[in-house]
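*Asks:* The structure's right below; bear with me while I get my questions together.
The values are calculated or read from the model by the stated rules, or taken from the named source; none is laboratory data. Not measured: the values here are computed from a predicted model. Cβ sites come from the backbone with ideal geometry, for glycine too, and all protein chains shown count toward neighbours.
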Amino acid sequence: MQTKIVNDIAIVKSEEIVIKDVQSAIDFVMTIKYETNCNKIVLNKEAIVEEFFILSTGLAGEILQKFINYQVKFAVCGDYSKYTSKPLRDFIYESNNGRDIFFTENEDEAIRMLTK
């Protein structure tokens, strides 16, 4: 796992899955906050278990609610074109129009969304 800080945002890249369930998500957030003192985090999509993107599992909702409770603004960057689920597309759209959770194609877009 590699972490760099840009504009008080922790940019995290991992080739391994770091968010598998609610507890691993909390551990991830607390580790990043402790190590970087940042409450804005960008993570590559590949570091999140695939079940997160199947909304019927409830995993995304549970995890993102924890992030909001811990006052973390969070962006996931990656390619979402393979997902055809209308509920997921609607969820991404609604998130991107909010203030705390974003799904972006790249790191630059994630930084822009987290700093607006």
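*Asks:* Kindly indicate which of A110, A60 is small (G, A, S), over 19 Å from K13 (Cβ atoms) and at pLDDT 95 or above.
*Replies:* Of the residues listed, the single one that is small (G, A, S), over 19 Å from K13 (Cβ atoms) and at pLDDT 95 or above is A60.
*Asks:* Kindly indicate whether any position in the range 15-30 is polar (S, T, N, Q) and outside any loop (DSSP other than H, G, I, E, B).
*Replies:* Residues of the range 15-30 that are polar (S, T, N, Q), as a first pass: 23-24.
Subsequent filtering for residues that are outside any loop (DSSP other than H, G, I, E, B) retains 23-24.
Yes.
*Asks:* Output the residues belonging to the range 5-14 that are within 21 Å of A60 (Cβ to Cβ) and assigned to a loop (DSSP other than H, G, I, E, B).
*Replies:* S14
*Asks:* (1) modelled with pLDDT under 95; (2) buried (at least 19 other Cβ atoms within 10 Å of the Cβ): which one isn't true of I101, the others all being true?
*Replies:* (1)
*Asks:* So which residues in the range 44-67 are of a type in the set (S, T, N, Q) and in a helix (DSSP H, G or I)? It would help to see each step written out before you state the result.
*Replies:* The first filter runs over the range 44-67 and keeps only residues of a type in the set (S, T, N, Q), leaving 44, 56-57, 65.
Within the range 44-67, S56, T57, Q65 qualify.
*Asks:* Separate question: Would the range 35-55 turn up any residue that is under 22 Å from I111 (Cα atoms), in contact with a strand residue (DSSP E or B) (Cβ under 8 Å, 6 or more places away or on another chain) and of a type in the set (D, E)?
*Replies:* yes
*Asks:* Every residue in the range 63-94 that is under 19 Å from I111 (Cα atoms) and surrounded by 14 or more Cβ atoms within 10 Å (Cβ to Cβ), please.
*Replies:* If the condition is that a residue be under 19 Å from I111 (Cα atoms) and surrounded by 14 or more Cβ atoms within 10 Å (Cβ to Cβ), then L64, F67, I68, V72, K73, F74, A75, V76, C77, G78, Y80, I92 are the ones that fit.
*Asks:* For the range 68-106, what are the residues that are of a type in the set (K, R) and in a loop (DSSP other than H, G, I, E, B)?
*Replies:* Correct list: K82, R99.
*Asks:* Now for a separate question. Would you tally the residues in the range 1-34 being in contact with a strand residue (DSSP E or B) (Cβ under 7 Å, 6 or more places away or on another chain), of a type in the set (S, T, N, Q) and loosely packed, with under 14 Cβ neighbours inside 10 Å?
*Replies:* Number of matching residues: 1.
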